Amino acid sequence: LSQLNIPISEAFLGRLMPARSRVRLTEIEKRGFVERAQTSVRMNDAARSLILEETTDDDRCEAARRVATRLGEEFDREPSDARLGLEAVRLWAGQGETARLAEVLTQHGAALIEAGHAGALCNVLSSFHEPAVLPWRLRAAVEVGDAKTLDALPAPALTDAATATLWARALYARGKTMDAIVSAAKARHLADAARNAGAAFEAGLARFEE
């Protein structure tokens, strides 16, 4: 529970914590360190800091990985609660687990953006430049449309039509029209080579954002 920045349901808490941990939770709850609101529960900041200080780096990392995995599973169970998926992304990012982070983004990234969490994703992913993660950082930044966020983006490798299309949209938004035209043309070429009519259509739409 100390790994989480969000309140979780009592039902999820029961699935998340082993019995011995729930005994300790009861003890610290008596000291006022656990906050409950209707059907949710969270550990307050003072208790979280105290527990994290008392645990080793290895134990903290292992706990973060375990909780991140459970959050992803819980988001599959309750897809309407996008906070669960976002918290899983935050924990994997905090551990520098690029492969697992990319996996979670592939599974849940689109849902998180559709749920209005593009800005939060931009913040969480701001330090990642890896090819497996950068397209999601780009997609979230384009969705937000903030000039500062777009300017901070590194140029991605244009190896697929979707990434090239997103990069074209980002460049148009930054006023780099000629570079955007080149990227949109690259996107169309990649889409045609892959015989992907949908991607070719999206690349064509990007051209009209000029």
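Annotations
- Thr56 surrounded by fewer than 23 Cβ atoms within 10 Å (Cβ to Cβ) and touching an Asp or Glu at 6+ places or on another chain (Cβ under 7 Å): no
- Scanning region 88-121 for residues that are in a helix (DSSP H, G or I), under 18 Å from Val67 (Cβ atoms) and free of Cβ contacts under 8 Å to residues at least 12 places away in the same chain gives a single hit, Glu103.
- Residue satisfying condition, being crowded, with 22+ Cβ neighbours inside 10 Å, closer than 20 Å to Trp92 by Cβ and touching a helix residue (DSSP H, G or I) at 6+ places or on another chain (Cβ under 9 Å), within set Ala161, Ala140: Ala140
- Restricting attention to region 87-139 and to residues that are acidic (Asp, Glu) and more than 20 Å from Phe12 (Cβ to Cβ), the residue that is modelled with the lowest pLDDT turns out to be Glu97.
- Contact map, region 168-182: first residue closer than 16 Å to Ala152 by Cα and of a type in the set (D, E, K, R), second residue open to solvent by less than 70 Å² (accessible area, probe 1.4 Å) and assigned to a helix (DSSP H, G or I), Cβ cut-off under 6 Å, separation 6 or more or different chains; pairs are Arg169/Val142; Arg169/Ala206; Arg174/Leu150.
The values are calculated or read from the model by the stated rules, or taken from the named source; none is laboratory data. Being a predicted model, the structure only gives us computed values, none of them experimental. Glycine also receives a Cβ, built like all others from the backbone with ideal geometry; neighbour counts cover every protein chain displayed. Note: areas computed on protein heavy atoms with side chains; ligands, DNA, RNA excluded. Shrake-Rupley method; radii C 1.70, N 1.55, O 1.52, S 1.80 Å.
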